[in-house]
Amino acid sequence: MVYKTNGGFLISKIKQVQGRVFEKLLIQSGVSQFNSAQGRILFVLWENDNAPISELAERTGLAKTTLTSMLDRLEASGHIKRVRDQKNRRIVRIVLTESAKGLKAQYDEVSLRMNHIFYEGFTDEEIVAFEDVLERILNNLTRRRV
């Protein structure tokens, strides 16, 4: 095994730079209703609305404490509602408002632009291979999570 590697450092750096580029693209596209971090939560909800907070935490990779404060801001801005589960009142579900549902097309456009930037110069095969490797790394880390 190679002992000196930079994979974790590079992933961390990519995440930081990607976040700044995505923020810039949001602003250039006139999306000012949410930031890129909040967009990650909205993205998960656009895929699966009415999700429990525990599922949102799992799918976004955010700690519940971080997620809670971000949900507070999204709720204050009118993008989500917290709703008690009908069958189990201890479970809080997060539901998109109509205004947030209306932002999906703009977000999708920005995401598409981001993908073009992210994968510039890559072949389809390289993209698939790269994402397979990232999935393996994520699975390795997830199994060891405490």
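Observations
- Residues (over 8 Å from Ile94 (Cα atoms) and either assigned by TED's automatic domain parsing to the domain that holds Asn139 or assigned to a helix (DSSP H, G or I) (or both)) located in the range 46-63: Trp46, Glu47, Ser54, Glu55, Leu56, Ala57, Glu58, Arg59, Thr60
- Per-region count, the range 1-47, residues in contact with a Leu (Cβ under 9 Å, 6 or more places away or on another chain) and of a type outside the set (A, V, I, L, M, F, W, C): 7
- Residue count for the range 97-145, restricted to those that are polar (S, T, N, Q) and at pLDDT 95 or above: 3
- In the range 87-134, residue surrounded by the fewest Cβ atoms within 10 Å (Cβ to Cβ) [restricted to those that are part of a helix (DSSP H, G or I) and aromatic (Phe, Trp, Tyr)]: Phe130
- Residue match in the range 65-84 (condition: farther than 16 Å from Phe34 by Cα, of a type in the set (Val, Ile, Thr) and touching a residue at least 12 places away in the same chain (Cβ under 8 Å)): yes
The values are calculated or read from the model by the stated rules, or taken from the named source; none is laboratory data. What you are looking at is a predicted structure, and each value in this text was computed from that prediction instead of being measured. As a convention, Cβ positions derive from the backbone with ideal geometry for all residues, glycine included, and neighbour counts pool all protein chains shown.
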